[in-house]
Amino acid sequence: MGMTVAEKILAAHLVEGEMVKGEEIAIRIDRTLTQDATGTMAYLEFEAIGIPRVKTESSVCYVDHNLIQADFKNADDHLFLRSIARKYGLFFSPPGNGISHQINLERFGLPGKTLLGSDSHTPTGGGMGMLAIGAGGLDVAMSMAGKPFYLVMPKIFGIKLTGTLQPWVSARDVLLELLRQLSVKGGVGYIMEYFGPGVKELSVTDRASITNFGAELGATTSVFPSDENTKQFLESQGRADGWVELVADDDARYDEVIEIDMSTLEPMIACPSSPDNVVKVSEVAGKPVAQVLVGSCSNSSLRDLMVVAKTLEDRKVSPEVSFEINPGSRQVLENLAAGGDMLTLIHAGARIHQAGCLGCIGMGQAPPTNTISLRTFPRNFPARSGTKNDQVYLCSPEVAVAAAVTGKITDPRDLGDYPSFTLPEKYLPGDSRIEPPLADGSDVEIIRGPNIAPFPKFAPPPETWEGSVLLKTGDNITTDHIMPAGAQILPLRSNIPAISEFVFSQIDTDFVRRAKETEAGMVVGGVNYGQGSSREHAALAPRYLGVQIKLVKSFARIHKANLINFGILPLTFVDEADYDLVEQGAKVVIPELRKELAGGSEIINVEINGNTIAARLDVSDRHRQILLAGGLLNWAKNL
Ligand code: MIC
Ligand code: SF4
């Protein structure tokens with residue numbers, strides 16, 4: 001039987017298991033990436049594994065998230081990460097160089113390779129035919145140590161693209177439409193694979209916008225074929241020698257198929273406060289806007305900023321709007337400047353920031369109270385912007401610039417003719433600050449600032465587990481709810497005792513006090529629990545506070561993997577109606593937990609205030625051993 005692109009890459013990297021959908025497989029990881037906010041912990045874990053040099057084909061350590069240096073913490077972390085890169089044989093991309101995913105496309109990514117990144121938007125690399133997967137830092141650390149990556153063999157969701165995007169409609173609208181149809185959990189358990197005649201209408205950076213934003217579907221990853229457009233993109237980057245063609249076989253089978261006729265798409269927008277709350281722009285047009293941000297790993301390529309600049313050539317930004325540009329990379333900045341478009345942006349009234357994540361993760365750029373902020377970012381989860389009760393809308397660069405000009409949400413087609421522009425045949429590489437690995441880093445001293453705390457140790461679970469329900473949450477809880485980010489909390493990412501003070505602080509300010517007073521805790525949730533980022537701090541910090549069990553209706557993939565890595569039992573309700581029976585504060589007993597784990601029982605009886613309910617433990621045998629050991633690091637040490 002024929003194979004899809006994703007299946008071909010998986011087959012070429014398979015080291016354990018069989019490619020049967022739903023079964024656990026292990027694949028070889030060619031490359032890794034980390035960013036600073038997850039990277040500090042990933043490297044503390046890598047150090048704990050005790051390997052002298054990374055064993056991957058190439059690994060890159062980026063600094064792109066924690067760019068505000070309000071005190072020593074972020075600045076110290078930057079030095080720590082550079083010293084790690086130098087010691088252990090990694091490339092280092094310093095602050096100001098840009099967002100990991102954009103630079104991966106430009107300078108590192110190659111079709112057919114596997115990439116594991118400690119960031120949920122790693123699938124951006126799928127735009128150039130990589131199998132690029134987001135994971136927790138510990139999984140990335142294991143890959144750097146040469147270990148395979150374990151995952152449940154996903155199903156393949158085929159997205160057949162037909163037609164051509166109309167003027168003022170762009171790649172972002174393709175994914176907004178998919179989010180509208182499928183929701184933030186529609187991709188769970190799938191790789192989204194794009195095929196059909198419409199594929200050739202999209203450039204690599206357009207495709208990357210789509211695979212990037214595909215993380216919001218909950219998918220394992222998303223991938224496009226590698227074709228002539230991929231070759232041309234690599235040529236423009238001076239890297240054509242790494243190109244290989246990679247297309248699905250004619251008789252490839254998809255588990256599901258949706259067709260998107262791109263000719264029929266209109267400009268779309270995701271309303272507050274979920275990426276799947278999507279409507280046509282025309283339905284919300286006219287609402288006044290205070291802030292418009294163009295940037296993030298979804299939409300900050302040269303193409304995106306050129307559309308914006310060309311639209312502004314004979315226009316000015318409305319005085320009611322703070323219009324801000326966060327370029328994706330130094331390469332984007334250099335080429336924008338070389339082509340003269342930077343002057344257009346400055347002249348029209350844009351605020352130009354350094355290349356990086358910035359307001360996308362609440363590192364500055366918080367919007368004013370009770371105002372609308374339009375962003376070309378992938379996430380608008382509540383308060384992620386740094387402002388309580390924020391009203392963040394997600395849209396394309398075209399919709400963003402239209403609002404910047406008019407001061408209100410505007411269908412960009414009302415602006416008239418779509419600007420024409422051509423991208424450079426050869427990009428200025430913009431990579432002069434990227435430091436290649438040292439041939440021998442054994443003499444390099446690791447620089448550790450006072451904020452870098454040692455990695456906490458966790459005990460294995462007891463024979464019989466006793467504790468209480470510390471918190472009951474609803475559906476679609478994000479990792480931003482569990483472990484918020486932002487300028488105040490992000491600098492604590494390398495200090496688990498300090499960051500744990502903020503667990504669930506957005507939804508329950510008393511949680512930490514209760515957790516500290518309780519020896520062992522359980523958290524209860526609804527569907528798609530833990531969606532969003534790959535941050536393992538959303539498992540690690542609650543674990544530090546004593547959360548040892550999560551009982552929910554369903555989990556998001558990366559969060560579930562992170563829970564297991566830190567020894568938290570990921571249970572789901574067998575009968576979802578039992579969710580209603582569980583109350584916060586209830587006493588919980590799981591009799592003979594260790595025996596149940598070791599014996600392989602899939603159904604675990606949980607006694608809640610004396611009533612027994614059935615919970616499912618859907619994990620592999622390897623996971624059971626990890627849970628019995630109290631987490632992956634404990635388990636790996638016993639090997
Ligand atoms: C995000 O977009 O939520 C982040 C911040 O990039 C996270 C990583 C993190 O929390 O450090 C992600 O996407 O994984
Ligand atoms: Fe950075 Fe935002 Fe992309 Fe996360 S989604 S990597 S915070 S730009």
Test result for GLY109, within 16 Å of ligand 1 (Cβ to nearest atom) and either without any contact (Cβ under 8 Å) to a residue 12 or more places away in the chain or surrounded by 24 or more Cβ atoms within 10 Å (Cβ to Cβ) (or both): no
Failed condition for THR40, given (1) more than 16 Å from ligand 2 (Cβ to nearest atom); (2) touching a Ser or Thr at 6+ places or on another chain (Cβ under 6 Å): (1)
Would you confirm, using the coordinates I've provided, whether ARG180 is open to solvent by 20 Å² or more (accessible area, probe 1.4 Å), outside any loop (DSSP other than H, G, I, E, B) and in contact with a Pro (Cβ under 8 Å, 6 or more places away or on another chain)? no
How many residues are under 15 Å from VAL279 (Cβ atoms) and either surrounded by fewer than 22 Cβ atoms within 10 Å (Cβ to Cβ) or among the hydroxyl-bearing types (Ser, Thr, Tyr) (or both) when one looks only at region 157-177? 1
If I ask for residues that are more than 15 Å from ligand 2 (Cβ to nearest atom) and in contact (Cβ under 8 Å) with a residue 24 or more places away in the chain, which ones from region 331-346 would you list? GLN331, LEU333, GLU334, ASN335, LEU336, ALA338, GLY339, ASP341, MET342, THR344, LEU345
Pair list, Cβ < 9 Å and 6+ apart or interchain, from region 150-170 residues that are within 18 Å of PRO225 (Cβ to Cβ) to residues that are aromatic (Phe, Trp, Tyr) and open to solvent by less than 10 Å² (accessible area, probe 1.4 Å): GLY158/TYR194; ILE159/TYR194; LYS160/TYR194; LEU161/TYR194
Single condition ARG86 does not satisfy, out of (1) assigned to a loop (DSSP other than H, G, I, E, B); (2) surrounded by fewer than 24 Cβ atoms within 10 Å (Cβ to Cβ): (1)
Which condition number in (1) within 16 Å of ligand 2 (Cβ to nearest atom); (2) more than 30 Å from LEU44 (Cα to Cα); (3) out of contact with any Asp or Glu (no Cβ under 9 Å at 6 or more places or on another chain) is the one that PRO397 fails? (3)
Within region 393-416, is there a residue that is out of contact with any Cys (no Cβ under 8 Å at 6 or more places or on another chain), on the phi < 0 side of the Ramachandran plot, within 16 Å of ligand 1 (Cβ to nearest atom) and open to solvent by 20 Å² or more (accessible area, probe 1.4 Å)? no
Which numbered condition trips up MET522, out of (1) more than 25 Å from the chain's Cα centre (by Cα); (2) within 16 Å of ligand 2 (Cβ to nearest atom)? (2)
Restricting the search to region 112-122, which residues are away from ligand 2 (no atom under 16 Å from the Cβ) and open to solvent by 10 Å² or more (accessible area, probe 1.4 Å)? GLY112, LYS113
Those residues of region 310-333 which are in a helix (DSSP H, G or I) and either open to solvent by 10 Å² or more (accessible area, probe 1.4 Å) or over 21 Å from GLY96 (Cβ atoms) (or both), in sequence order: LYS310, THR311, ARG330, LEU333
Are any residues in region 275-301 at negative phi and polar (S, T, N, Q), and if so, which ones? ASN277, SER282, GLN291, SER298, ASN299, SER300, SER301
Which residues, counting only those in region 353-374, are aliphatic (A, V, I, L, M) and closer than 24 Å to ILE269 by Cα? LEU358, ILE361, MET363, ALA366, ILE372, LEU374
Identify all residues within region 277-326 that are hydroxyl-bearing (Ser, Thr, Tyr) and closer than 23 Å to GLY364 by Cα; write none if there are none. SER296, SER298, SER300, SER301, SER318, SER322
If ALA485 satisfies every condition in (1) open to solvent by less than 10 Å² (accessible area, probe 1.4 Å); (2) within 16 Å of ligand 2 (Cβ to nearest atom) but one, which is the exception? (1)
What single numbered condition from (1) more than 11 Å from ligand 2 (Cβ to nearest atom); (2) over 24 Å from ALA285 (Cβ atoms); (3) buried (at least 23 other Cβ atoms within 10 Å of the Cβ) fails to hold for GLN354? (3)
Kindly indicate the residue of region 334-348 that is surrounded by fewer than 18 Cβ atoms within 10 Å (Cβ to Cβ) and small (Gly, Ala, Ser) and also farthest from PRO397 (Cα to Cα) among those meeting that condition. ALA338
Looking at (1) hydroxyl-bearing (Ser, Thr, Tyr); (2) over 22 Å from GLY526 (Cβ atoms); (3) open to solvent by less than 10 Å² (accessible area, probe 1.4 Å), which is the one condition that is false for THR464? (3)
Checking ARG616 against (1) open to solvent by 30 Å² or more (accessible area, probe 1.4 Å); (2) closer than 25 Å to ASP480 by Cα: exactly one of these is not met. Which one? (2)
Here is a check on your reading of the model: is ASN66 within 16 Å of ligand 2 (Cβ to nearest atom), at pLDDT 95 or above, within 23 Å of GLN331 (Cα to Cα) and touching a helix residue (DSSP H, G or I) at 6+ places or on another chain (Cβ under 6 Å)? yes
Limited to region 453-489, what total is found for residues that are away from ligand 1 (no atom under 16 Å from the Cβ) and aliphatic (A, V, I, L, M)? 5
Residues being within 24 Å of LEU305 (Cβ to Cβ), within 16 Å of ligand 2 (Cβ to nearest atom) and open to solvent by less than 30 Å² (accessible area, probe 1.4 Å): count how many of those fall in region 366-392. 12
Only one residue in PRO424, PRO461 is out of contact with any Lys or Arg (no Cβ under 8 Å at 6 or more places or on another chain) and outside any strand (DSSP E or B), so which one is that? PRO424
Taking region 155-203 only, how many residues are among the β-branched types (Val, Ile, Thr), farther than 22 Å from ALA132 by Cα and touching a Leu at 6+ places or on another chain (Cβ under 7 Å)? 1
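The values are calculated or read from the model by the stated rules, or taken from the named source; none is laboratory data. This structure is a prediction, so every number in the text was calculated from the model and none was measured. Glycine gets a Cβ as well: all are built from the backbone with ideal geometry, and neighbour counts include every protein chain shown. These accessible areas exclude ligands, DNA and RNA; they are computed on the full protein's heavy atoms, side chains included. Shrake-Rupley method; radii C 1.70, N 1.55, O 1.52, S 1.80 Å.
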